[in-house]
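The values are calculated or read from the model by the stated rules, or taken from the named source; none is laboratory data. Just so we're clear, the structure is a prediction, and the values are computed from it rather than from any experiment. Every residue, glycine as well, gets a Cβ built from its backbone with ideal geometry; the counts of neighbours run over all protein chains shown.
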Amino acid sequence: MEVLDIGVLSEQSGVPPSTLRYYEEIGLIQSVGRRGLRRQFERLTVTQLALISLGKMAGFSLEDIKGMFAKDGTPQLPRAELHLRADMLEEQIRGLSRLRDAMRHVADCPAETHLDCPKFQHLMKFAARSANTQKR
């Protein structure tokens, strides 16, 4: 079994040693031993760290991601949950695209003031509704 020193793992994965220690503390990854004071990890940990990064990018919590690994560290990705997350991302993309388009319109709007622009008024109402929804 090939093992990687924590420093080598950090270099190869781009994850700082402090984060590697934290991930080990919460059970996301496991070291296989120590060489002196330095933790040693299996090569599989590089793959695990890539999946952790991907999961974080997709909006999964570290606790969610922890559940995506079997006891032996191999990935067990929940396909149904991934479909739901992809649907949520798609809705977020649509909303951000509408917001981008509205902001561009407002930036180029020929109205005397932004408050005279109907699209700007609509954008402000949308922002107020969104803020009220997030408070709940």
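Under 6 Å between Cβ atoms, at least 6 apart or on separate chains: pull out the pairs that start in region 1-20 with a residue that is more than 15 Å from Arg34 (Cβ to Cβ) and end on any residue that is hydrophobic (A, V, I, L, M, F, W, C) and outside any strand (DSSP E or B).
Correct list of pairs: Gln12/Val46; Ser13/Val46; Ser13/Leu49; Val15/Leu49.
Do we find that Gly95 is surrounded by 11 or more Cβ atoms within 10 Å (Cβ to Cβ), modelled with pLDDT of 85 or more and not in a loop (DSSP other than H, G, I, E, B) in this structure?
Yes; evaluated as a whole, the condition is true for this residue.
Which of the residues spanning region 93-122 are of a type outside the set (A, V, I, L, M, F, W, C) and in contact with a Leu (Cβ under 9 Å, 6 or more places away or on another chain)?
Matches in region 93-122: His105, Gln121.
Give just the number: which of (1) of a type outside the set (Ser, Thr, Tyr); (2) closer than 23 Å to Gly7 by Cβ; (3) modelled with pLDDT of 90 or more does Gly73 not satisfy?
Of everything listed in (1) of a type outside the set (Ser, Thr, Tyr); (2) closer than 23 Å to Gly7 by Cβ; (3) modelled with pLDDT of 90 or more, Gly73 misses just condition (3).
Here is a list: Leu89, Leu84. Which entry is assigned to a helix (DSSP H, G or I), exposed (fewer than 12 other Cβ atoms within 10 Å of the Cβ) and among the aliphatic types (A, V, I, L, M)?
Answer to the selection: Leu84.
If I ask for residues that are of a type in the set (A, V, I, L, M) and closer than 30 Å to Ala58 by Cβ, which ones from region 91-136 would you list?
Within region 91-136, Ile93, Leu96, Leu99, Ala102, Met103, Leu123, Ala127, Ala128, Ala131 qualify.
For region 1-62, which fully contained helices (runs of 4 or more DSSP H) count at least 1 residues that are hydroxyl-bearing (Ser, Thr, Tyr) and exposed (fewer than 14 other Cβ atoms within 10 Å of the Cβ)?
Per the criteria, 17-25.
Residues of region 4-27 being over 12 Å from Val46 (Cα atoms) and either hydrophobic (A, V, I, L, M, F, W, C) or not assigned by TED's automatic domain parsing to the domain that holds Gly67 (or both), which ones?
The one that is over 12 Å from Val46 (Cα atoms) and either hydrophobic (A, V, I, L, M, F, W, C) or not assigned by TED's automatic domain parsing to the domain that holds Gly67 (or both): Ile26.
Could you go through region 22-30 and let me know if any residue there is in contact with a helix residue (DSSP H, G or I) (Cβ under 8 Å, 6 or more places away or on another chain) and without any contact (Cβ under 8 Å) to a residue 24 or more places away in the chain.
No, that holds for no residue.
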